[in-house]
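See structure below.
The values are calculated or read from the model by the stated rules, or taken from the named source; none is laboratory data. Treat the numbers as computed from the prediction; the structure is a model and nothing was measured. Calculation scope for accessible area: heavy atoms of the full protein, side chains included, ligands and nucleic acids excluded. Shrake-Rupley method; radii C 1.70, N 1.55, O 1.52, S 1.80 Å.
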Amino acid sequence: MLLFLVGAAVLVIGGSVKAARMQSSAARGLDVAEYRECLTDADREYIEDSWQNVEGIYQHDPAVALDVAHNTVASVLEARGIDTTRIPEIHETSAPAAEGPLDSQQEIRRQLLGYAHIVNVLTDATPHP
């Protein structure tokens, strides 16, 4: 009986600790680096190829480049069963642009830099200087 009570106490305490960790993780959001291992080599290659397209598109139409960047990252992660709304970088990056032409261009650039960071983390690449 005593062994049963000790075992039950360990389960309750262990469950409380795990629940606290989960709440802490949810409060700060999930780290994109946690998903690097979920990706296949084909996923990484697709992301890298798409990012090269984004860099080329940016010269002609920055807003389209931003859409391509978002769709690339989100589609790969979602294909692996990852809820991208729980990843702060993607949620913050896909926020609406600020008003005004100059602010809008700066906002698009800021968001693309956010995606560049995500792409580098997911592909384990070194950022370009």
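Is one or more of the residues making up the stretch 24-36 of a type in the set (Phe, Trp, Tyr) and at pLDDT below 90? Yes, because at least one residue in the stretch 24-36 is of a type in the set (Phe, Trp, Tyr) and at pLDDT below 90. Give the residues of the stretch 38-79 that are open to solvent by 80 Å² or more (accessible area, probe 1.4 Å) and not charged (D, E, K, R), sorted by residue number. Scanning the stretch 38-79 gives Tyr46, Gln52, Asn53, Gln59, His60, Asn71.
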